[in-house]
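A quick write-up on the structure given underneath.
All of the numbers you see were taken from the coordinates with simple rules; none came from a lab. What you are looking at is a predicted structure, and each value in this text was computed from that prediction instead of being measured. Cβ atoms come from the backbone with ideal geometry, glycine included; neighbour counts cover every protein chain shown.
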């Protein structure tokens, strides 16, 4: 089962839920299959992500994935965040990836066995990708 | 516990026809409750389709050789069976790829034939799934006809008063589902026909016809569309019934081979219905297979199938109604058939479906069921934090009370797991 303690705990985290009023980037993401929506707020200082928050509803996987992503990207440069994104994407699509780089994101490794849930995991990452483009 | 209309002998036959019912998933007996999306398949139909493909197959209608004759006869026999099933004439049964193509054919043909012009009104209901919504919406942008809706109440139910009220928009075309794939409500088709005696009436039978016969003449329906795969048949096959005089007046949807009468370098004239709507090489084995499917269902007895689905639906509604942590959608009365949409308070539908599958072997559907506008109506009427989607459990004649009991057990587990 993909509902590990880690994922259950992170799905309930409230720390990163909310708006950033002076956000540099606001991006809306949508999972077409279930209607889940996420709004991602990024505060950039030059090239560096100094704060991030989100609003929206979603399933356990997408909520946990969003929380873990935000925790991991705060403090990283755009390039570093994009590198993380590429590896997270590769992990979930069953391709080669850098384990060391992913850290706690590895907790989602088994989600790759459930094609319909891959979209739930990717929702925040796809939104981040659009935001950083 | 089996219970219901089937004798031991009939049940044995059903079990041998649907071998996947003996499968386990994730270590549990498969409980398939996603029939509204697509039903399981029958062994005798697959065997006969294999035999057809291997020993009697060729292209149809053109060549004079023996295989072509056998294949053509098998294809046309399927049309005869479906014609009898619907109480339609042979020329009124058009094969399509499914319900979605049926609607697209009608929309496009109507505008090309002048049956639908700028200023005309097409009346739909607010519970249509995307197949009977998006084709009309998009065409209305290009061709200037208007879309109006029969309003659903906050539970997603279409009341007779709402149907009556919609008569004021004077629709040229009324296109409605016979049963909602989200609320499970069977719509009062007789009442609709009486309310709109002069409109072209299109019925989307995709959900209803697998478990309840539709007599196109008795209901005075102008067009009926449905899919084979929701009633044990192959995917990629559907039927469009149309009144002969209307089909004759209509411009074809797809142009190509077989549907023509005479072709010059300047223009073409068309074959008669149904052939003018069947351009190109169709899904021959699929159509033949659908004929066998219908034979199987008729041998099982269509009335018994209807009764069994009714019994199971009642049991499903009653069982879920007793769980106070669920929110159920739809009328929940006698018009509610074959499927129930619901939410577990505080748990996302994807999580519910995922745990039901992984821990209990129960297959349900989670999502917006290709009916996003209807989700917004349910959201308005919802007393919980509505997640823009629902879980849906749907039965067919091979389900049992046991299946529903397993679902209930699974839902209690889900509730517990996510409230800790």
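Counting beta carbons within 10 Å around each of B:9, A:12 and listing the fewest first gives the order B:9, A:12.
What percentage of all Cα-Cα pairs in the range B:252-321 are separated by more than 21 Å? Taking all Cα-Cα pairs of the range B:252-321, the fraction more than 21 Å apart is 57 percent. With R₀ set to 51 Å, the beta-carbon distance separating residue B:262 from residue B:155 gives a calculated FRET efficiency near 0.40.
For chain B, the longest principal axis of the alpha carbon atoms and the long axis of helix B:372-381 meet at an angle near 30°. Between the Cα long axis of helix B:302-321 and the first principal axis of chain B there is an angle of about 40°, rounded to the nearest 10. Remark: mean inter-chain Cβ contacts per residue of A:54-63 equal 4, using a 10 Å Cβ-Cβ cutoff to other protein chain atoms.
Convex hull volume of the C-alpha atoms in the range B:78-178, normalised per residue: 127 Å³. Note that the range A:5-132 carries a Kirkwood radius of 14.4 Å, evaluated over its alpha carbons pair by pair. Fewest neighbouring Cβ atoms within 10 Å first, the residues A:41, A:109, B:55 line up as B:55, A:109, A:41. Normalised by the number of residues in the range B:1-96, the mean separation of alpha-carbon contacts (under 8 Å, six or more apart) gives a relative contact order of 13 percent.
For chain B, take the convex hull of the Cα atoms, compute a quarter of its surface area, and give me that in nm², please. Across all orientations, chain B yields a mean hull projection of 21.5 nm². Can you give the angle from 0 to 90° between the axis of helix B:401-419 and the longest principal axis of chain B, with both taken from C-alpha atoms, to the nearest 10? Around 60 degrees separate the two axes.
Computed over the range B:243-391, the quotient of the alpha carbon radius of gyration and 2.2 N^0.38 Å is 1.57. All C-alpha pair distances within the range B:167-211, sorted into 10 Å bins from zero, spread as 27, 52, 21, 1 percent across the bins. Beta bridges from DSSP with both residues in chain B: antiparallel share about 60 percent, rounded to the nearest 5.
Fewest neighbouring Cβ atoms within 10 Å first, the residues B:359, A:8, B:231 line up as A:8, B:359, B:231. Using Cα-only point scatterers and the Debye equation, what is log10 of I(q)/I(0) for the protein assembly as shown at each q in 0.07 Å⁻¹, rounded to two decimals? Ignoring solvent entirely, the Cα scatterers give -0.48.
Sequence-distant contacts, meaning Cα pairs under 8 Å at least 6 residues apart, place the relative contact order of the range A:65-133 at 39 percent.
Take each residue in A:31-41, count the other chain C-beta atoms within 10 Å of its C-beta, and the mean is 4. From most to least packed by mean Cβ count within 10 Å, the peptides B:161-170, B:324-333 give B:324-333, B:161-170.
The mean sequence distance of close C-alpha pairs (under 8 Å, at least 6 residues apart), as a share of the length of chain B, puts its relative contact order at 23 percent. For the peptide B:381-388, the mean number of other protein chain Cβ atoms found within 10 angstrom of a residue's Cβ is 2.
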